[in-house]
1. Note down the relative contact order for segment 39-89 as a percent, whole number, built from C-alpha pairs under 8 angstrom at least six residues apart.
2. Putting +1 on Lys and Arg Cβ atoms and -1 on Asp and Glu Cβ atoms, find which of 357, 380, 436 reaches farthest to the positive end of the dipole of the chain.
3. Normalised radius of gyration for segment 312-441, please: alpha carbon Rg relative to 2.2 N^0.38 Å, two decimal places.
4. May I ask for log10 I(q)/I(0) of segment 446-562 at q = 0.17, 0.20, 0.21, 0.23 Å⁻¹, from a Debye sum over the Cα atoms as equal point scatterers with solvent left out?
5. Restricting things to alpha carbons, find the Rg to Rh ratio for segment 378-418 using the Kirkwood radius for Rh.
6. If the convex hull of the alpha-carbon atoms of segment 1-141 is projected onto planes in all directions, what is the mean projected area in square nanometres?
7. Taking a threshold of 20 Å on the Cα-Cα distance, which of the pairs 270/383; 98/310; 228/426; 371/404 fall above it?
8. Roughly speaking, what is the stretch gain from residue 367 to residue 54, that is 0.36 nm per residue apart minus the C-alpha to C-alpha distance, in nm to one decimal?
Amino acid sequence: MFDLRTFRLWFDLLAQTFQSQREALNELDRVIGDGDHGYTLARAFAAADDEITNANPPDIGSLLDVAASALAENAGGAIGPLLAAFFAEGGVVLQNKKTCSMDELAEFFQNGAAAVSELGGARAGQKTLVDALLPAARVLVENRSSADPVDALEKALLAAREGAEATRQMPAVFGRAAFLGERSTGYLDPGAYSFTLIVEGLWFAASGKEGKRTDFQPEETQFVPAGKFINHPEQMVQEDNQGLALAYAGIVRYLEDGFLVRASPKAAGKVGLAMGHGGGHTPSMGGLVGMGLLDADVYGPIFTCASGIKIARAIQLADRGAGVVLLVSNHSGDVLNARMALRRASRMGIAVQPVYLGDDVATAPRSALDKRRGLGGLLFALKIGGAAAEDGQPLFEVVRLMEKTNLRTATLAVAVRAPTHPASGKPLFDLPVGQMEIGTGVHGEAGVYRGAMLPANQVVDLVLQRLLEDLGGLLQQSVVVFLNGSGGTSRMELNILYRRVFYALQEQGIQIAAGVVDSLFTTQEMGGFSLSLCAVDDELEEWWRRPALAAHFRWPVDRIWG
């Protein structure tokens, strides 16, 4: 039998554990992810522990509800909604309970495992936290009549550890690691390992262990990576957004709860556009808030999608009475948080429709378009859909145009230098000098091909061939081109690359209806670029040509704006 005090101690220990394991988890995640899993969970469980302390919940169910809400709000990414779903099931099972029996704990874990699998779509053997969660839940069910709950928890912990260890030999199926395919084998899954720490924390708490873990280390609050002009890692996304709004006060406004909105909202009765995503890609979507583009935007922490709770608030801010389109870049964390946001926005009475945007040809064939990762090509759908919304087109028409645009878009990225994480200062992946990687993700995920560095013209020819083959029969007479710098590529290099794009398309009889050369979606100082093509027809080209004005994008580029 466990009491309320046990569960309070559990979260106190988890806050300390994830702080002490922060760097180890970051390093584990750096190999097959984006290197911030430790930061994410340390922040999230510290927030959960603080919320529990402040709320002083009267029963275990209420405590778990508080924890679930805090994790959803502060973790973001894919792990946030998954852990929130797990603990929320405990809130249901233990509603109004001041004690928890072994039978109830087994039901909590069993229902939590089902909720996580349903939300994320993962099964055992797919290199996710489910590989640790399911064995732990199974052992607790098998021992639900045990007279020694601490012993039963220890058995569950051993099962979770065994399940997590087995992920080393599994190729990833979900998340950013999935794009590495077989290259993701040989490494422990960070989510699975983290769940073993969660079970371990409950075992410690049930054993009556008090105080701080012996391996607990206080957070290094003043660490700033060399070569980064930041004040504190925890505030850099907020300060980035504040600086943007201060510099372009006539276009975008920053709200103190972390949202970016248009300084001059569009007229009532028009469709709104909203988005939520991760920080660290400046100017990104914040630079695209404005007339003919986004109405509201919210950032999560570095490389971690904003929570579903915050995205729902962005939808609310974008609503002008005619419904809202939620743009979702097709990444696992973005999709999971979008689902949560859509449910919450619907309960608010807002007519909202998602548009899932995926354009990276390196991650899936055209026959599996819904599995493609979102990259810079989402600019096309935003610009065309934003023009239709500004014009007063109804919700279904804006959605139709954006989905049509996404279908006709293809993108491929190239990296020549890995970026560093702005909080840890460590590279997000290893790329030897003199080599380039094709298929790199916007979050700094490692690509799918690595080879010797080639001259600019040859690189463009390789990329263009792949894009044109992908678009195939969708190509009619013209394309819109977007050459996006990754953050550490000079304007000189981008112009040289675009020159080759222009002439190579011209040689193949393909007209460029419009061209954009800029660094809109960056990954810190990563050297490289992405090339996006949209095979436009007369309808899409007409909407593309409509005016737009944001802090970091304007169309037409030669128009004199008053």
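1. Numbers: 53 pairs, mean separation 18.9, N = 51.
Computed value for segment 39-89: 37 percent relative contact order.
2. 380
3. Ratio of Cα Rg to 2.2 N^0.38 Å: 1.23.
4. -0.95, -1.24, -1.33, -1.46
5. 1.20
6. Details: hull surface 31.0 nm².
If you wrap the Cα atoms of segment 1-141 in a convex hull and average its projections, you get 7.8 nm².
7. Distance filter (> 20 Å) returns 98/310.
8. 107.6 nm
The values are calculated or read from the model by the stated rules, or taken from the named source; none is laboratory data. Keep in mind that what you see is a predicted model, and the values were worked out from it rather than measured. Heads up, the Cβs are rebuilt from the backbone with ideal geometry, glycines too, and the neighbour counts pull from every protein chain shown. To get the accessible areas, we keep the full protein, side chains included, count just its heavy atoms, and leave off ligands, DNA and RNA. Shrake-Rupley method; radii C 1.70, N 1.55, O 1.52, S 1.80 Å.
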